[in-house]
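The values are calculated or read from the model by the stated rules, or taken from the named source; none is laboratory data. Owing to the predicted nature of the structure, the values given are computational and were not obtained by experimental measurement. When the accessible area is computed, the model is the full protein with side chains, heavy atoms only, and any ligands, DNA or RNA have been set aside. Shrake-Rupley method; radii C 1.70, N 1.55, O 1.52, S 1.80 Å.
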Amino acid sequence: RSLDLLGRDGRLYANGEELKIKGLNWFGQEGPERVPFGLTQRSLDDLMSFMQVNGFNALRLLFSLQNVEENMPTPAKGFNPDNSPELANTDYLGMLEAIVKKAGEHNILVLLACHRLQNGYPDNEWPGKWNGRWFDKGWQA
């Protein structure tokens, strides 16, 4: 499917129809857990169905550069593989891809947002000695 977006006169149009965005944030995968919260209780499909039924058409999906770079296997403790088999045997990028694909099946737009550089900070002290810049020794601008 393709989506033709156009902004005109302060309005957003998708394929010629006015598009009103109703979105939400989903967090957890940007941190050391590396999986969105809630997937131990409900399936990915169930959560996407909930969003669609309740009129949500946009999802801001957070990530960290550290998790992208490490691209480790998706931790099984963060989801129920019987309920969300599409996440089983994925790595971090594969997990994000599976979530985006499932969102698309439910007509939900996804904004991937780099929420953090690191997935955590020493002694859980955030932002700690962070200087407000979006680079550090590991990720140079």
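What span do the alpha-carbon atoms of the chain cover on each of the three principal axes, reported in whole Å from largest to smallest?
Answer, in whole Å and largest first: 48, 42, 22 Å.
Amide H neighbours of GLU33 under 5 Å, counting only residues 5+ apart in sequence or on other chains, H built in-plane at 1.01 Å?
Sorted by chain and number, the residues that satisfy this come to none at all.
Under the Karplus relation 6.51 cos²θ - 1.76 cosθ + 1.60, θ = phi - 60°, what is the ordered set of whole-Hz ³J(HN,Hα) values for region 12-23, x standing for Gly and Pro?
Once rounded to whole Hz, the list reads 10, 10, 10, 6, x, 9, 4, 10, 10, 8, 10, x.
With the full set of protein chains in place, find how many percent of the accessible area of the chain is carbon and sulfur; take the probe as 1.4 Å.
That share works out to 52 percent.
Any idea what the relative contact order of region 1-127 is, in percent, if you count C-alpha pairs under 8 Å spaced at least 6 apart?
28 percent
Kindly work out what percent of the DSSP beta bridges joining two residues of region 1-69 are antiparallel, to the nearest 5.
Given both bridge residues lie in region 1-69, the antiparallel proportion sits at roughly 60 percent.
Straight distance only, please: which aspartates and glutamates reach the Cα of LYS20 with their own Cα at less than 16 Å, same-chain residues fewer than 8 apart left out?
ASP4, ASP9
Expressed as an acute angle from 0 to 90° and rounded to the nearest 10, what is the orientation of the C-alpha long axis of helix 92-105 relative to the principal long axis of the chain?
20 degrees
Show that you can apply the helix-only estimate: for the chain, add -39,500 (n - 2.57) for every DSSP H stretch of four or more residues, divide by all residues, and state [θ] at 222 nm to the nearest 500.
-6000 deg cm²/dmol
How big is the antiparallel share of DSSP beta bridges in the chain, given as a percent to the nearest 5?
If I count the DSSP bridges inside the chain, around 40 percent turn out antiparallel.
Please list, ordered by chain and number, the residues whose modelled amide H lies under 5 Å from the amide H of THR74; skip anything fewer than 5 residues away on the same chain.
Close amide H contacts, sequence-distant or interchain: THR90, ASP91, TYR92.
Check VAL110: other-chain or 5+ apart residues with amide H under 5 Å from its amide H, H built from backbone geometry?
Hits under the 5 Å cutoff: LEU59.
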